[in-house]
Amino acid sequence: MTDTRPNHRQIWQLAWPMMLSNLSIPLLGAVDTAILGHLGSPVYLGAVSLGASVVTLLFWSFGFLRMGTTSVAARATGAEDHDTIRLVLAQSLIFALGLALLIIVLGPWLIPTALGWMGASPEVAALAQNYGQIRLWGAPASLMNFALVGWFIGRQDTRRPLMILLTTNLLNILLDALLILGLGMNSDGAAWASVLAEYGGLLLGLGLLRHHLVRLPGQLNRAQLHQWQAYQALLQVNRHLFIRTLCLLLVFAFFAAQGARLGDQVLAANAVLLQFLMLTSYALDGFAHAAEALAGRAVGARQAEALRQTVRLTTLWALACAGLISLVFVAGAPWWPGLFTSLEPVLEQVRAHYVWVCLVPLVGVWGYQLDGVFLGSGRTALMQYSVVGSALLVFLPLWWWLQPLGNHGLWLAFLAFNGARGISLGTVYYYLNHRRRWLLRT
C-alpha cells in the first residue's frame with residue numbers, strides 16, 4: 001500500500017485551488033451586495049439577503065451530497081477501490097437529480113412559509129419571495145454540482161472544482177451586471193443570473209468529468225444502481241450530514257430572521273457583515289478540503305501516522321491563514337465597509353458591529369478545520385452531535401439571554417456557537433487519538 005503521509009507541498013497543491021474557487025463564492029455575494037447596495041433603497045439588498053438565506057437553506061440542506069461524496073470517494077481512493085469510486089459518483093448524481101425535483105415541487109410552498117416566519121417588512125418579503133421562486137429552477141444544476149465537486153475533491157483533484165466554481169461565479173457576476181444594471185431587473189435579475197450561471201457550471205463539470213473517467217480504472221456495476229442495499233454506505237454518511245447541515249443552516253436562517261426583526265437597516269447591515277464571514281469560511285475551507293481528501297485517503301489505507309500528520313500540517317496552515325485574515329480585516333476597517341454600500345444608515349450599523357467579523361477567523365478556524373478531518377475520516381455522526389449541541393446548548397440560550405444587547409448580542413451568540421463547535425470536535429479528536437481508536441470504525 002502506498003505511503004499516504006502528506007507534506008506541506010501536497011497540502012498546498014490541494015488547498016490553493018479550493019481557496020481560490022471558494023473565495024469566488026463570497027466574491028459573488030459581495031458583488032451582489034455591492035450592486036444592490038447602491039440602488040438607492042435598502043429593500044433590494046434586504047430582499048436578496050432574505051431570499052438567498054431561504055434558498056440556501058433549501059439547497060444546502062442537501063449539501064451532504066458534496067460532503068458525503070467526498071468522504072466515501074476519499075476513503076475508496078485510499079483503499080484503491082476503483083469500482084466503488086465510480087459507483088459513488090453515479091449514486092450521488094442520481095440522488096442530486098431526485099432531490100432537486102423534490103425542491104422544485106415543494107419550494108413554492110416552503111419559501112413563503114419561511115419568509116413569513118422571518119417577519120420582514122411587506123415590501124422586502126414580496127421581493128424576497130419572487131427571488132426565491134426564480135432560484136428554485138436552478139436546483140438540478142446546483143445539487144448536481146455539489147456531487148461533482150465533492151467527488152473530485154475526494155479524488156484529490158481540486159483543480160477541476162476550481163474550474164467549475166470560477167466559471168459559475170464569473171458568469172454570475174457578468175449576468176448580474178447585465179440583468180441588474182443593464183436591464184434594471186433589480187433583485188429578480190440577481191436570481192436569474194444565479195440560475196443561468198449554475199447551469200453553465202454544470203455543463204462544464206460534466207465535460208471535465210468525462211475526460212477524467214476515461215483514465216480511471218475499474219468498471220461501474222450498473223446493476224447496483226437499482227439495488228437499495230448498494231446505497232447504504234453513502235446513505236449512512238449522508239444521514240448524519242443532512243441533520244448537521246440542516247441545523248447549521250437553521251442557525252444562519254435564525255440569525256437573518258432576528259436581524260430582520262431589528263429593522264431593515266440592521267438586516268441590510270448584517271447582510272454586508274456576513275460577506276466578511278463568508279470570505280473567512282471559504283478561505284479557510286481550502287485547508288479543510290485538503291484535510292478531507294488526505295484524512296479520507298489515510299483512513300482508507302489504514303495508516304494512522306498519515307492521519308495524524310494530515311491533522312498537524314493542515315491545522316498549522318489554517319491557523320496561519322486565519323491570523324492573516326483577521327489582520328487584513330482590522331487594517332481595512334476604515335474602508336472595507338464602504339465598498340459594499342453607500343447607504344449611510346446601513347453603513348453606520350456595519351461600522352458599529354464590524355469588530356465581530358474581525359474575531360470570526362480566530363474563533364471559527366478550529367471548527368472549520370476539524371470538520372474536514374472528521375468528514376474525510378467518515379466520523380460524520382460526531383460532526384452532527386457537535387453542531388446540534390452547539391446550537392441548542394450555546395447559541396440559542398446565549399441569544400435569549402443577550403437580547404437586551406440587540407444586534408451585538410446576536411453576534412456574540414453566533415461567535416460563541418462557532419467556538420463551541422471547535423472545542424467539542426477538538427475534545428473528541430484528542431480523546432480518540434490519545435486512545436489510538438481513530439481508525440476503529442464506530
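Looking at the range 160-220, what % of the alpha carbon pairs are farther apart than 18 Å? Intermediate results must be reported in sequence, preceding the final value.
Working: 830 of 1830 pairs.
Here the tail beyond 18 Å accounts for 45 percent of pairs.
Send over a whole-number figure in Å² for the accessible area per residue of the range 290-442, probe 1.4 Å. Please list the in-between numbers first.
Numbers: 6670 Å² over 153 residues.
On a per-residue basis, the range 290-442 sits at 44 Å².
List the equivalent ellipsoid semi-axes of the range 373-433 in whole Å, largest first, each obtained as the square root of 5λ for an eigenvalue λ of the Cα gyration tensor. Can you show the working numbers first?
Working: eigenvalues 148, 18, 14 Å².
Over the Cα atoms of the range 373-433, the semi-axes work out to 27, 9, 9 Å.
Which whole-number percent gives the relative contact order of the range 125-215, counting Cα pairs below 8 Å spaced six or more residues apart? Please report the intermediate quantities before stating the final value.
Working: 80 pairs, mean separation 38.2, N = 91.
Rounded, it is 42 percent for the range 125-215.
For the range 285-442, what is the Kirkwood estimate of the hydrodynamic radius, computed as the reciprocal of the mean inverse distance between distinct Cα atoms, to one decimal in Å? Spell out each step's value before the answer.
Details: mean 1/r = 0.0582 Å⁻¹.
Hydrodynamic radius (Kirkwood, Cα only) of the range 285-442 equals 17.2 Å.
Tell me, what is the FRET efficiency for residue 261 and residue 113 to the nearest 0.05, using R0 = 22 angstrom and their Cβ-Cβ distance as r?
On the way: r = 17 Å, r/R0 = 0.78.
The calculated FRET efficiency here is 0.80.
Which of rounded, prolate or oblate describes the range 153-276 when judged by the alpha-carbon gyration tensor and an a/c cut-off of 1.5?
On the way: a/c = 2.81, a/b = 1.47, b/c = 1.91.
Verdict is oblate for the range 153-276.
With a 1.4 Å probe and all protein chains left in place, how much of the accessible area of the chain comes from carbon and sulfur atoms, in whole percent?
Numbers: 12050 of 17930 Å².
Taking all protein chains in place, the chain shows 67 percent carbon and sulfur surface.
Simple spin-label model, 7 Å along Cα-to-Cβ: residue 123 to residue 236 in nm?
About 5.5 nm, to one decimal.
Roughly what % of Cα-Cα distances in the chain sit above 30 Å, to the whole percent? Before the final figure, lay out the partial values.
Working: 39989 of 97461 pairs.
It works out to 41 percent of all Cα pairs.
Could you give the dipole magnitude of the chain about its Cα centre, charging the beta-carbon of Lys and Arg +1 and that of Asp and Glu -1, in debye to the nearest 20? Present the calculation step by step, with values, prior to reporting the outcome.
Numbers: 26 positive and 17 negative charges, 349 e Å.
My answer is approximately 1680 debye.
Can you give the calculated 222 nm mean residue ellipticity of the chain, where each DSSP H run of n ≥ 4 adds -39,500 (n - 2.57) and the sum is split over every residue, rounded to the nearest 500 deg cm²/dmol?
Values: 16 runs with 350 residues, N = 442.
So the helix-based figure for the chain works out to -27500 deg cm²/dmol.
To the nearest 0.05, how large is the calculated FRET efficiency for residue 227 and residue 12 if R₀ is 60 Å and r is the Cβ-Cβ distance?
Details: r = 41 Å, r/R0 = 0.68.
Computed FRET efficiency for residue 227 and residue 12 comes out at 0.90.
What is the Cα coordinate range of the range 252-355 on the first, second and third principal axes, sorted by size from largest, in whole angstrom?
Over the range 252-355, Cα extents along the principal axes are 56, 30, 16 Å.
Under a crude label model (7 Å from the Cα following the beta-carbon direction), how far is residue 304 from residue 352 in nanometres?
Each label point lies 7 Å from its Cα, and together they span 5.5 nm.
Over the range 66-176, what per residue volume does the convex hull of the Cα atoms give, in whole Å³? Please list the in-between numbers first.
Details: hull volume 11.8 nm³, N = 111.
Per residue, the Cα convex hull of the range 66-176 comes to 106 Å³.
Based on the mean of other Cβ atoms within 10 Å per residue, sort peptides 376-383, 322-329, 241-248 so the most packed one is first. Mind dumping the intermediate values first?
Numbers: 376-383: 23.5, 322-329: 16.6, 241-248: 21.2.
Ranked by mean Cβ neighbours within 10 Å, highest first: 376-383, 241-248, 322-329.
The values are calculated or read from the model by the stated rules, or taken from the named source; none is laboratory data. Source: prediction; values computed, not measured. We place every Cβ from the backbone using ideal geometry, glycine too, and count neighbours over all the protein chains shown. Each accessible area value is taken on the protein alone, full model and side chains, heavy atoms only, with ligands, DNA and RNA left out. Shrake-Rupley method; radii C 1.70, N 1.55, O 1.52, S 1.80 Å.
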